[in-house]
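Read the structure below first, then the notes.
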Amino acid sequence: MSSTEVAPGTSVPLSLFGRLAAVPLTGVITALVVIFVMSCFLSEHFLTPYNLTIMARTLAFVGLVTLGQALLLILGELDLSLGAIAGLCGVVGGILMVQFEWNPWVAFVACLMLGTACGLLNGLLLVGLRLHSLVLTIGMAGVYGGANLVATKGVAITGIPSEISFLGKGAPWGLPVPFLIMVGFLAIVSFLAFKTPFGRYVYAIGNNAAAAKMLGIRIDAIRVAVFAIAGFLSALAGMLMVARLGTAQPSIGEAWVLPPIAASVIGGVATTGGVGSPIGAIFGAAIIGIIENIIVLFGVSPYWQSVVSGAIVVLAISFDSISRRYLRRED
């Protein structure tokens, strides 16, 4: 007990840094607004309808993968194979539609099921073999990526039917369809996380898996389910990209490995699990998207985007670690 007495129900005020770290959603919104306003002054092309539409559409693809990765991080897990799942589902969809002449909508749904099955397999291997998710999913990324190359020989599949192009290229009311789909799934995932027992179980497992098990929560079943959800969302992103491009590129998903992790951490999702929200993760993805967009508008080589993404991951994880140590000292 310190010498300073406080009334029951109150606490000693945290410093400014401590308060910002304690309310990550407020912090990420503030950062997003500041970066957005600065970008408006940095480039006259930033605030144009065309550029905003590009950013919204790009955010949609990364955002869908980010939603799945955020749920996994809240659970205390990680999946580095989500980008590979998206790429595999994209090329399988192209093969089914072009070479096997399946109905585009049937092929689309089949690939969503394939992505769910890949995530399910990851979860089953995790709980069955008791492996660390980082190690397991690095290996599975190689499996899915290798299957992608075996199926395509590294060559894009062209001739995607135009029936599904609206899903990738449409923009009703000036809003890209992929962005509207992402917003819809953001609402669904947020509802699951905050308003259902399933979401409460995810947070409980992320906070303390042993305690959650003692409470009777079926932690293995929850883990498998979250991996399956992440696989579904990744497959959806991959198929929407196929609809957008009109081709099934083997490279789809290659850039969706680090940004979803960085976006989640920037948005307040703890790398240790049990803390954060899908909404904050999407705000984090928006911040990364704006930064990468400014790089393009300045005419900087797109290869620098990988450097920026990697640096953001390191900075975000470092800030997450430092801020949580700081809060523990405040307590």
Whichever residue in segment 89-108 is open to solvent by less than 20 Å² (accessible area, probe 1.4 Å) and aliphatic (A, V, I, L, M) and, among such residues, is farthest from the chain's Cα centre (by Cα): Met97
Pairs with Cβ under 7 Å, 6+ apart, first in segment 248-272 and at negative phi, second assigned to a loop (DSSP other than H, G, I, E, B) and among the polar types (S, T, N, Q): Val265/Thr271
Residue within segment 304-312 that is within 29 Å of Phe194 (Cα to Cα) and open to solvent by 60 Å² or more (accessible area, probe 1.4 Å) present: no
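Here's the yes/no breakdown for (1) touching a Pro at 6+ places or on another chain (Cβ under 8 Å); (2) within 16 Å of Ala263 (Cα to Cα); (3) modelled with pLDDT of 75 or more:
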{"residue": "Ser11", "(1), (2), (3)": "no, no, no"}
{"residue": "Asn51", "(1), (2), (3)": "no, no, yes"}
{"residue": "Ile54", "(1), (2), (3)": "no, no, yes"}
{"residue": "Gly63", "(1), (2), (3)": "no, yes, yes"}
Filter result for the condition that a residue is of a type in the set (A, V, I, L, M) and touching a Phe, Trp or Tyr at 6+ places or on another chain (Cβ under 6 Å), over Leu96, Leu42, Leu114: Leu96
Residues located in segment 255-286, provided they are out of contact with any helix residue (DSSP H, G or I) (no Cβ under 6 Å at 6 or more places or on another chain) and surrounded by fewer than 20 Cβ atoms within 10 Å (Cβ to Cβ): Ala255, Thr272, Val275
The one condition in (1) crowded, with 19+ Cβ neighbours inside 10 Å; (2) assigned to a helix (DSSP H, G or I); (3) not polar (S, T, N, Q) that Leu124 fails to fulfil: (1)
Some residue of segment 268-280 being part of a loop (DSSP other than H, G, I, E, B) and farther than 13 Å from Ile74 by Cα: no
Selected residue (criterion: nearest to Cys111 (Cα to Cα)) from residues of segment 186-230 that are in a loop (DSSP other than H, G, I, E, B) and open to solvent by less than 30 Å² (accessible area, probe 1.4 Å): Thr196
Selected residue [surrounded by fewer than 17 Cβ atoms within 10 Å (Cβ to Cβ) and either at pLDDT below 85 or aliphatic (A, V, I, L, M) (or both)] from Leu236, Leu297: Leu297
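The values are calculated or read from the model by the stated rules, or taken from the named source; none is laboratory data. From a predicted model like this one, the values you see are computed outputs, not experimental measurements. We place every Cβ from the backbone using ideal geometry, glycine too, and count neighbours over all the protein chains shown. We work out accessible area using only protein heavy atoms, side chains counted, and drop any ligands, DNA or RNA first. Shrake-Rupley method; radii C 1.70, N 1.55, O 1.52, S 1.80 Å.
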